[in-house]
Every structure is written in C-alpha cells, then in structure tokens.
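Colleague: Sharing a structure here in structure tokens format.
Bear in mind that the values in this text are calculations on the coordinates, not laboratory data. A quick note: this is a predicted structure, and the numbers were derived from the prediction, not measured. Note that each Cβ is placed from the backbone with ideal geometry, even for glycine, and that neighbours are counted across all protein chains shown.
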C-alpha cells in the first residue's frame, strides 16, 4: 500500500508540474491576459490530478515479473493515455471548436509526449539500477579480495603449524 501511495504521489506531482508549466506558457502566450471562467481552472486542476493518478497507479505493472517490458509499457501507456484523453475531452484541453483532424493530431502529440516522459523515467531507473549493480560488484569484489587474503593468511599459518609440528616430533 505504501508503494502504491508513493507511485500515485509521483504521478500526481509530475502531472501538477506539467500542468503548472503549461499554465505559465499559456499565460505568457496570452500576454498576461490568460483567463478562465466557469470554474475551468478548477476543473483543469482536478483533471491534472486525475491524470496523475491515472499515470501513477498503473506503474505497479513494472513489479510483475511474469510480464515482458513491452507488455508492461503497453498496459501503463494504455491506461494513462485513455484516462488523459477522457479527462482532456471532459475539461476542454482539446478545445470545443477543434475539428476531428485537429483532435487526432493533438492525441498523436499526447502519445509522443507521454512516450518521451516514460522514456525519461525509464532511462533514469535503468541508470540507477546500473549504479547499484556496479556498487554491488565493487563491494563483492573487495570482499572476495579480502577473503582471498584471509585464505592466504590461513594457509600460511597452517603451513607454519605443520612445520612446527613436524619439528617437535
């Protein structure tokens, strides 16, 4: 449960960050005249949180060992993109006056951005795993070298004891 909460919090945090950046970009593009009425900002903020949950919760797939990485990615991206698309239509991110072609183009852009964000996280975790594996190898290597030292010491002590024993006979 703690892991699921962490994943959802990570998804919500990422979604909130992206939402804030997009709001700032829109405000700058509108020359400081970006306004929303009829609780649209509230709806969009809640939509961003729902998207964060929709992207964060399915990451539990990556803990399943019986699934290949492409299947895990397909499940994660499928759920995330589906929730995002539903929210985007619901809160007006895709616009009410856009044509079908424009909506399909926006969805295609969404998929590209979603894949880019996923790839960024994937590469980050691959690098982290590589660092941990290298650290484990270094620790094991130093412990094996240390163990070899002890073996050599034990063998030399063993020979000294044998020599002493043979002389004392």
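Colleague: Measuring from label point to label point, each 7 Å out along Cα→Cβ, what is the residue 23 to residue 65 span in nm?
Modeller: 4.4
Colleague: Evaluate the relative contact order of segment 2-97 (contact order divided by residue number), counting alpha-carbon pairs under 8 angstrom at least 6 apart; express in whole percent.
Modeller: 35
Colleague: Another one. Working out 0.36 nm times the residue gap between residue 137 and residue 99, then minus their Cα-Cα distance, what length gain in nm do you get to one decimal?
Modeller: 8.0 nm
Colleague: Additional query: Take the Cα of residue 115, step 7 Å along the line toward its Cβ, and report every residue of segment 61-99 whose backbone nitrogen sits under 15 Å from that point.
Modeller: Counting only backbone N, you get 70-71, 73-78, 81.
Colleague: While we're looking at this one, here's another question. Would you kindly state how much longer the chain becomes between residue 30 and residue 108 on full extension, computed as 0.36 nm times their sequence separation minus their alpha carbon distance, in nm to one decimal?
Modeller: 25.6 nm
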